[in-house]
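Presented below is the structure to which this report refers.
The values are calculated or read from the model by the stated rules, or taken from the named source; none is laboratory data. Since this is a predicted model, take the numbers as computed values, not measurements. So basically every Cβ, Gly included, is an ideal-geometry build from the backbone, and we count neighbours across all protein chains shown.
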Ligand code: SF4
């Protein structure tokens, strides 16, 4: 890939902002969600600033695979940040998990499918992906869809795995988000409605920085 700057040369490592083991807010069924660290875009109104300017951990993909397998979830959702900057690591992670369990894979990317299709590493990751939601977030085109940020972003079924359930699931305009209080941080998960977003922004202003939006 010549136009995209990769995050790491070591494909056994993933740079991660956050994971959630068991949520229904970012895809059908219960999912393990990975928010990767780092993004090459600068969308106005980005709801994941923390994945660009916050802290991150470097995780061994085999350790992460065991966590995912032990979680018992139907599949994984990968968001960010920009997942395809770490395409090799994510491909290896999914490939390894699939030797044990046939999990479903949903990925949110700021790149379009056409852009990703120009790159060999990205094509490998696409080959193990069931749904791709693609394109930059454009604030002016935010039409309130439940699981997709703006109307320019497209949902691609790259396999039939979620096709029947996805038609209804992704047509919803009922946004759902969850504020989760952990030991050392408060985390926002999902695509929030405007009201939830306003509350969240106020919480962020009042917090000492221990608050994360994904
Ligand atoms: S692609 Fe996603 S994470 Fe990156 S700047 Fe745009 S909205 Fe934020």
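Condition check ((1) at pLDDT 80 or above; (2) in a strand (DSSP E or B); (3) touching a strand residue (DSSP E or B) at 6+ places or on another chain (Cβ under 9 Å); (4) loosely packed, with under 13 Cβ neighbours inside 10 Å) across all residues:
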residue: 175; (1), (2), (3), (4): yes, no, yes, no
residue: 184; (1), (2), (3), (4): no, no, no, yes
residue: 188; (1), (2), (3), (4): yes, yes, yes, no
residue: 192; (1), (2), (3), (4): yes, no, yes, no
residue: 195; (1), (2), (3), (4): yes, no, no, yes
residue: 204; (1), (2), (3), (4): no, no, yes, no
residue: 209; (1), (2), (3), (4): no, no, no, yes
residue: 212; (1), (2), (3), (4): no, yes, yes, no
Seminar exercise, completed: Taking first residues from segment 48-64 that are more than 30 Å from residue 197 (Cα to Cα) and modelled with pLDDT of 90 or more and second residues anywhere that are in a helix (DSSP H, G or I) and more than 9 Å from the ligand (Cβ to nearest atom), the pairs with Cβ under 6 Å that are 6 or more apart or on different chains are 61/89; 61/92; 61/93
For this session: Filter segment 30-56 down to the residues that are closer than 16 Å to residue 187 by Cα and more than 13 Å from the ligand (Cβ to nearest atom), then identify the one that is surrounded by the most Cβ atoms within 10 Å (Cβ to Cβ).
Result: 34
Problem set entry | Conditions (1) within 16 Å of the ligand (Cβ to nearest atom); (2) surrounded by 19 or more Cβ atoms within 10 Å (Cβ to Cβ); (3) closer than 16 Å to residue 109 by Cα; number of the one not met by residue 76 | (1)
Exercise. Which is within 16 Å of the ligand (Cβ to nearest atom) and more than 30 Å from residue 62 (Cβ to Cβ), of 195, 152?
Worked result: 152
Problem set entry | Residues of segment 79-111 satisfying the condition of being assigned to a loop (DSSP other than H, G, I, E, B) and within 14 Å of the ligand (Cβ to nearest atom) | 80, 81, 82, 109, 110, 111
